[in-house]
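Since the structure comes first, as structure tokens, the remarks are kept for the end.
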Amino acid sequence: MGSIQLKQVQKKFGETEVIPPLDLTIEDGEFVVFVGPSGCGKSTLLRLIAGLEETTSGTIEIDGGDATAVPPSKRGLAMVFQSYALYPHMSVRKNIAFPLRMAKMSQTEQNERIEAAASALNLTDYLDRRPGQLSGGQRQRVAIGRAIVREPSAFLFDEPLSNLDAALRVGMRMEISELHKKLATTMVYVTHDQVEAMTMADKIVVLQAGVIEQVGSPLELYHTPRNLFVAGFIGSPKMNLIAGSEAEKLGAHTIGVRPEHIDVSKTEGQWKGTVGVAEHLGSDTFIHIHGIEGCDPLTVRAAGDVDVKYGDTVYLTPNAALIHKFGPDGLRMS
Amino acid sequence: MSNRKLPRLLQTPAVLLLLIWMLVPLGLTLYFSFIRYVLNSLRKPEWTTPSISNWRGFGNYEYVLNSKDFILAIQNSLFIVCSILFLTVILGILIAVLINKAFAGRGIVRVLLISPFFVMPAVNAVLWINMILDPVLGLQGLGVQGLNGLIASLQSAPGVGWFFSLWPQFEPISFRASQTSAYAVIIMVTWQWTPFAVLIFMTSLQSEDEQCKEAAILDGAGAWSQFRFLTLPHLGRPIAIVVMIQAIFHLSLYAEIEIVSRGNGNKNLPYLIGEFANNNIGAASATGIFAVILANIVAIFLLRMVGKTLME
Ligand SMILES: Nc1ncnc2c1ncn2[C@@H]1O[C@H](COP(=O)(O)OP(=O)(O)OP(=O)(O)O)[C@@H](O)[C@H]1O
Ligand SMILES: [Mg+2]
């Protein structure tokens with residue numbers, strides 16, 4: 001059990017409206033990711049669900065019951081914070097045991113659950129250490145352990161990986177995804193890293209300034225972004241957005257072409273440009289091209305190692321079937 | 001010269017000065033405590049100048065140990081210091097937690113709370129003993145008088161008069177008496193030093209991690225559990241600091257004891273030293289050495305205790 005429903009939820013801090021009235025449904029067992037630029041209200045939304053902030057208006061339903069006025073501890077949700085929020089004076093074991101101790105669970109059952117969580121998260125060797133004596137990744141695992149022993153109806157993650165280095169982040173990303181498969185519990189995950197969003201989510205919620213721009217599966221967002229903001233935000237490298245005469249030829253105000261949907265040729269093509277920076281990654285080459293009207297620089301992602309260098313003249317051909325068209329209001333034209 | 005030697009060399013004067021500063025008084029005290037040395041003696045004028053030929057061995061220590069006030073002074077020192085520590089730490093934590101919440105006029109309340117700390121100890125003692133604790137003219141006397149008056153008038157009231165006739169006449173407490181003067185000292189010093197504890201605990205509370213508290217709230221911890229398992233351990237170090245500093249200061253209380261009762265039934269070690277030092281410097285020095293030992297024991301013992309109970 002762990003479905004969450006927000007109905008016309010609004011949040012104001014004093015006079016500033018951080019989240020205008022918003023509707024959102026999170027199904028039981030879903031992995032939902034909130035993405036958006038910094039300051040768009042992702043954390044605020046998560047804290048509203050957790051009960052750490054009070055809604056200004058609107059209702060939050062958990063498992064079908066109105067939970068708007070239910071205190072955070074009674075909502076049956078567990079949260080993992082960006083800064084881990086471990087209790088610094090307690091050992092790892094006591095940290096993980098804390099929610100159980102607060103629930104007055106028997107010592108034997110506490111121990112069982114702690115052992116289970118510790119072995120699932122590879123923490124068995126560290127149970128007697130203090131949080132200060134652990135690495136960042138281990139701390140984050142302790143924080144997750146503290147969340148799973150409670151067997152909550154949903155997990156809330158607020159940028160749990162952003163304090164970790166890149167390699168560890170990829171590893172922890174997999175671990176959390178695996179955990180979700182194993183527990184099949186609802187997870188709500190906040191990040192501003194769209195790669196995390198694309199790889200982990202069943203459903204992505206794209207936010208901008210507290211407004212939901214689009215909700216959908218990662219591939220839906222990739223293939224049919226609803227507006228310019230989503231088009232530019234989802235996908236890496238970013239979609240090329242071209243305004244002006246090129247767009248008008250196709251009857252649109254702006255057209256969007258993903259870097260991977262453009263062919264590069266040294267001899268012929270639809271558009272002509274000059275190579276700026278070329279990033280050779282081995283598997284791919286990202287080429288930044290200048291001189292194309294309406295979009296400077298334009299990014300192309302070519303598979304494999306392409307032999308171009310600074311100042312070369314190249315010809316580009318977008319894949320016509322995969323061009324996204326947007327109207328003057330920024331919305332997608334069907 | 002290697003680049004380590006130069007800094008060492010430059011530090012040397014300061015270190016030497018500090019060493020002299022500490023070691024010379026301690027050395028002299030030790031020296032005086034082993035010789036006969038008095039300020040005034042008609043019978044033995046040679047004792048009035050400190051000299052190794054007046055060597056007395058542990059005689060001064062024996063004399064101090066056998067003097068009738070010594071055990072009382074040690075007990076009293078410990079009683080006063082421990083009571084003050086206990087009260088200031090408890091009150092300090094309560095007040096600090098209370099004013100850590102945001103409320104209107106918090107800035108003013110904080111300044112007012114700190115102000116007792118700026119009163120001089122002697123002034124503090126005079127104010128308390130004469131204006132507040134005095135059994136006739138102080139607030140206490142007036143309060144007890146008022147209460148007695150009120151009861152007397154209620155005794156003749158219809159209906160409830162019989163009930164108040166059962167009440168006794170209240171007696172104001174004389175805080176200059178030998179049995180109670182220690183309490184007066186404890187009250188006034190606690191009043192003066194609680195702000196110090198509040199100040200230290202308040203700054204420490206502000207560095208408490210808010211997210212930890214939120215995590216605890218989600219984990220189902222109520223206000224008491226948050227205080228017990230998060231705030232109190234967080235305050236462990238500041239409590240140790242408050243205890244340590246206050247122990248050092250209060251083992252050497254003097255002005256309050258002098259003003260309240262002139263040491264009548266309420267001597268502590270410094271007061272005893274003061275009395276000996278009227279003439280017998282040797283005995284005063286021996287008492288001083290006892291005081292040093294006591295201070296060390298107290299400090300180590302208290303720190304252990306605070307560390308164990310709070311840091312788990
Ligand atoms: N307690 C508060 N009082 C006033 N304004 C706040 C408060 N908390 C957040 N805000 C404002 O609400 C907006 C959204 O904040 P929020 O923390 O939800 O952003 P975010 O999407 O989580 O950003 P980030 O990715 O940087 O964490 C910000 O503009 C912030 O300044
Ligand atoms: Mg945030």
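The values are calculated or read from the model by the stated rules, or taken from the named source; none is laboratory data. Just so you know, these numbers come straight off a predicted model, no measurement behind them. So basically every Cβ, Gly included, is an ideal-geometry build from the backbone, and we count neighbours across all protein chains shown. Note: areas computed on protein heavy atoms with side chains; ligands, DNA, RNA excluded. Shrake-Rupley method; radii C 1.70, N 1.55, O 1.52, S 1.80 Å.
Using a 7 Å offset from Cα along Cα-Cβ at B:Leu166, what residues in the stretch B:134-151 end up with backbone N under 18 Å from the label point?
From the stretch B:134-151, the list is B:151.
Just the number please: accessible area per residue for the stretch A:4-229, 1.4 Å probe, all protein chains included, in Å².
Accessible area per residue, the stretch A:4-229: 41 Å².
If the label point is 7 Å along Cα→Cβ of B:Ile114, which residues in the stretch B:70-108 have backbone nitrogen under 20 Å from it?
Once the point is set 7 Å along Cα→Cβ of B:Ile114, B:88-89, B:91-108 turn out to lie under 20 Å by backbone N, inside the stretch B:70-108.
Run the helix sum for chain A: -39,500 (n - 2.57) per DSSP H stretch of 4+ residues, divided by residue count, reported at 222 nm to the nearest 500 deg cm²/dmol.
After summing the helix terms and dividing by residue count, I get -8000 deg cm²/dmol.
According to the square roots a ≥ b ≥ c of the eigenvalues of the Cα gyration tensor, what is the shape class of chain B, taking rounded for a/c under 1.5, prolate for a/b larger than b/c otherwise, and oblate for the remainder?
oblate
As I understand it, the value is the acute angle between the Cα axis of helix A:136-148 and the longest principal axis of the Cα atoms of chain A; what does it come to in degrees, rounded to 10?
60 degrees
Does any residue of the stretch B:217-234 lose at least 50 Å² of accessible area with all protein chains in place compared with its chain alone, and if so which ones (probe 1.4 Å)?
SASA drop of 50 Å² or more in the stretch B:217-234: B:Leu218, B:Asp219, B:Phe229.
In sequence order, what are the phi-derived ³J(HN,Hα) couplings for the stretch A:277-293 according to the Karplus relation 6.51 cos²θ - 1.76 cosθ + 1.60 with θ = phi - 60°, rounded to whole Hz, with x for glycine and proline?
Taking θ as phi minus 60°, the curve returns 7, 10, 9, 9, 9, x, 6, 9, 10, 9, 10, 9, 10, 9, x, 9, 5 Hz for the stretch A:277-293.
Using Cα centres only, tell me the gap between the stretch B:37-110 and the stretch A:245-310 in whole Å.
84 Å
To the nearest 10 degrees, how steep is helix A:107-120 against the longest Cα principal axis of chain A, on a 0 to 90 scale?
Between the helix axis and the principal axis of chain A, the angle is about 20 degrees.
Put a dot 7 Å past each Cα toward the Cβ at B:Leu78 and A:Ser119; how far apart are the dots in nm?
Here the answer is 5.2 nm between the modelled labels.
What FRET efficiency, computed as 1/(1 + (r/R0)^6) with R0 = 60 Å and r the Cβ-Cβ distance, is obtained for B:Lys101 and A:Thr224, rounded to the nearest 0.05?
0.75
Could you point to the residue in A:Ser162, A:Gly282, A:Ala103 farthest towards the positive end of the protein assembly as shown's charge dipole, with +1 and -1 charges on the Cβ of Lys/Arg and Asp/Glu respectively?
In the protein assembly as shown, that residue is A:Ala103.
Restricting to Cα pairs below 8 Å that are 6+ residues apart, what does the relative contact order work out to for chain B? Please round to a whole percent.
Result for chain B is 28 percent.
Taking amide H positions as placed 1.01 Å from N in the peptide plane, with prolines and chain starts having none, which residues 5 or more places from A:Val190, or on another chain, fall under 5 Å of its amide H?
Amide H neighbours of A:Val190, under 5 Å, 5+ apart: A:Phe34, A:Phe157, A:Asp158, A:Glu159.
Angle check, please: helix A:166-183 long axis (alpha carbons) against the longest principal axis of chain A (alpha carbons), in degrees 0 to 90, nearest 10.
60 degrees
Select from A:Val188, A:Ser38, A:Ala50 the residue farthest towards the positive end of the dipole of the stretch A:4-229; place +1 on Cβ of Lys and Arg, -1 on Cβ of Asp and Glu, and compute about the Cα centre.
A:Ala50
Using the basic label-point model (7 angstrom from Cα toward the beta carbon), what is the A:Gln107 to B:Phe86 distance in nanometres?
For the pair A:Gln107/B:Phe86, the computed spacing is 3.0 nm.
Just to confirm my numbers, what's the Cα centroid distance between the stretch B:255-312 and the stretch B:114-135 in Å?
Between the Cα centre of the stretch B:255-312 and that of the stretch B:114-135, the gap is 22 Å.
Hey, with R₀ at 25 Å, roughly what FRET efficiency would A:Glu260 and A:Ala209 work out to, going by the Cβ-Cβ distance, to 0.05?
Using R0 = 25 Å, I get an efficiency of 0.30.
Could you tell me the calculated FRET efficiency between B:Phe227 and B:Ile300, based on Cβ-Cβ distance and R0 = 30 angstrom, to the nearest 0.05?
0.60
Where in chain B are the helices, taken as whole DSSP H runs, whose Cα atoms extend 18 angstrom or more along the long axis and whose Kyte-Doolittle mean reaches at least -1.0?
B:5-33, B:70-100, B:139-155, B:181-206, B:236-251, B:281-311
Dipole of the stretch A:239-326, Cα-centred, from +1 at each Lys and Arg C-beta and -1 at each Asp and Glu C-beta, to the nearest 20 debye?
It works out to roughly 180 debye.
What distance in nm separates the simple spin-label points at B:Met131 and A:Leu168, each placed 7 Å from Cα in the Cβ direction?
In this crude label model, B:Met131 to A:Leu168 measures out at 5.9 nm.
With a 10 Å radius around each residue's Cβ, average the other Cβ atoms per peptide and rank A:257-264, A:288-295, highest first.
Taking the mean over residues of other Cβ atoms within 10 Å, the ranking is A:257-264, A:288-295.
Assigning unit charges at the beta carbon (Lys, Arg +1; Asp, Glu -1) and nothing else, what dipole magnitude in debye, to the nearest 20, does the protein assembly as shown show about its Cα centre?
It comes to approximately 2800 debye.
For the protein assembly as shown, give the percent of accessible area contributed by carbon and sulfur heavy atoms, probe 1.4 Å, rounded to a whole number.
That share works out to 62 percent.
Between A:Ser162, A:Ser106, A:Ser73, which gets the highest mean-square fluctuation from a Gaussian network model of chain A, Cα cutoff 10 Å?
The residue with the greatest mean-square fluctuation here is A:Ser106.
In deg cm²/dmol, rounded to 500, what helix-only [θ] at 222 nm does chain B give when every DSSP H run of at least 4 residues adds -39500 (n - 2.57) and the total is split over its residues?
Value at 222 nm, helices only, nearest 500: -21500 deg cm²/dmol.
If packing is taken as the average number of other Cβ atoms within 10 Å across a peptide's residues, how do B:112-122, B:237-247 rank, most packed first?
Descending packing order for the listed peptides: B:237-247, B:112-122.
Only protein chains counted, 1.4 angstrom probe. Which residues of the stretch A:61-91 are at least 50 Å² less accessible in the assembly than when their chain is isolated?
A:Phe81, A:Tyr87, A:His89
Below 8 Å between Cα atoms, with a sequence gap of 6+, how large is the relative contact order for the stretch A:4-229 in percent?
29 percent
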